[in-house]
Amino acid sequence: MSVFSSENFRNHQQIIFCHDVDSGLKAIIAIHDTTLGPALGGCRFWNYADDDAALQDALRLSRGMTYKAAMAGLAYGGGKAVIMADPKIGKSAAIFEAFGGFVDGLGGRYITAEDVGTAPADMEIVHRATRHVAGIADGGAGDGDPSPATAWGVYHGLRATVRARFGRDDLTGLHVAVQGLGHVGQYLARDLAAAGARLTVTDLDQGRLDWAREELGAEVVAPEAIYDVAAEVFAPNALGAILNDDTITRLKVGAVAGSANNQLADDRHGAALADRGILYAPDYVINAGGIINISHEGPGYNRRAAMDHCVGIYDTLMEVFGRADREGLPTSEVADRIAEERITRAARRPAPVSLQAAE
Ligand code: NAD
């Protein structure tokens, strides 16, 4: 397993390999960049094929978190943790407590949260061992589930995308193809339907499809057919890497705007979308509502203020679209550039006077 020469390493600051014999915990914590603040990122619980697959996932995801926080204008850096075990049989209180101990040992340099394979209840156990955990109710200081905030941000990001691509503000009659009706997709579909959009949806879960058909008047298609739906917008809210050589040539939409992480199979697919006149709302910009909500956590948490903050994703995306248009670049590349510029600017800022004096 190569680490420093790995393609995903890309200037990570620190990688921690965690092992606890008693609980059987095997985990990797990847801290990509803390220039803007402590590294924030969820803890994934997954049955990886091998150690290298776990490391690569942690590295890829933690870098994405750095860019997400930077684009959301938050004082956080990027990190991610992966626990290597089968979420169906491998979960135990001892594992999460041991993981919390490792997080605590980092003294706040990394803040963990729920992610694929973990739930708010698991994070409550992690919280027994460390206070450096976000996304838990914590007696009213937070909001256990980030999904409503994520969906609210995606909704407003989708509005910005429609404004930029079709020059319209009203969603009435707008046709949106929605992939995935999970935690985020359900809220998003409901908000789109309430705004008058026409929905074609897909999911693997028949109950969710029945709900969308009956409650929202949505048309239902088979999972593979969603890429062929002629609509204004494709909203992916399920899997990563769904924008690839196969699907991009099939898409019959003018824009892509959805919550899924890592939507581009490869960086070059950002350009492939632009070449076909499909406006892409970069995933880590449009799906930042969850970490925006986390940035509000603490005593006096105000859910309304957090949700209002998520609406700002509209303006952030308009900035990305405007610059992409002016510079003739794919939106994905422009988002990367803006995030990198923000981090570089912060790195150049002089240290506070008291710190300089102490050196
Ligand atoms: P989820 O697991 O609750 O929902 C995913 C849904 O997609 C499920 O209903 C599942 O049945 C469906 N699905 C899976 N494979 C599918 C397929 N091949 N075709 C159609 N549907 C399929 O997840 P979620 O929390 O709603 O998150 C959705 C996406 O948004 C994920 O990519 C996640 O990483 C990303 N995201 C979520 C949040 C959040 O706050 N939950 C924040 C940022 C990004």
Exercise. To the nearest 10 Å², what's residue 6's accessible area with a 1.4 Å probe?
Worked result: 10
Exercise. If you roll a 1.4 Å probe over region 10-73 with all protein chains in place, what percent of the accessible area is carbon or sulfur?
Worked result: 45
For this session: Pull up all non-local amide H partners of residue 111: gap of 5 or more, or a different chain, and H-to-H distance under 5 Å with H placed in the peptide plane.
Result: 39, 40, 41
For this session: Evaluate the relative contact order of the chain (contact order divided by residue number), counting alpha-carbon pairs under 8 angstrom at least 6 apart; express in whole percent.
Result: 15
Seminar exercise, completed: the chain accessible area per residue, 1.4 Å probe, protein heavy atoms, integer Å², reads 43
Exercise. Quick one: ranking 46, 152 by accessible area, 1.4 Å probe, largest first, what do you get?
Worked result: 46, 152
Problem set entry | Ranked packing of 228-236, 283-291, most packed first, by mean Cβ within 10 Å | 283-291, 228-236
For this session: For region 1-67, take the alpha-carbon Rg, divide it by the Kirkwood Rh, and send me Rg/Rh.
Result: 0.96
Problem set entry | Helix-derived mean residue ellipticity, 222 nm - over the chain, DSSP H n ≥ 4, -39500 (n - 2.57), to 500 | -13500 deg cm²/dmol
Exercise. Taking the chain, how many lysine pairs are there with alpha carbons less than 30 Å apart, if each pair must be eight or more places apart or span two chains?
Worked result: 10
Exercise. If you find the alpha carbon centre of region 206-235 and of region 34-101, how far apart are they in angstrom?
Worked result: 31
For this session: Run the accessible area of region 180-251 with a 1.4 Å probe and give the carbon-and-sulfur part as a rounded percent.
Result: 49
Problem set entry | Whether region 147-342 is rounded, prolate or oblate, judged on the alpha carbon gyration tensor where a/c under 1.5 counts as rounded | oblate
Problem set entry | Listed peptides 7-16, 64-73 by packing density, highest first (mean Cβ within 10 Å) | 64-73, 7-16
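Hey, got the dipole for region 1-153? About the Cα centre, +1 on K and R Cβ, -1 on D and E Cβ, debye to the nearest 20?
360
The values are calculated or read from the model by the stated rules, or taken from the named source; none is laboratory data. These numbers come from a predicted model, not from an experiment. Glycine also receives a Cβ, built like all others from the backbone with ideal geometry; neighbour counts cover every protein chain displayed. What goes into the accessible areas is simple: the full protein's heavy atoms, side chains included, and nothing from ligands, DNA or RNA. Shrake-Rupley method; radii C 1.70, N 1.55, O 1.52, S 1.80 Å.
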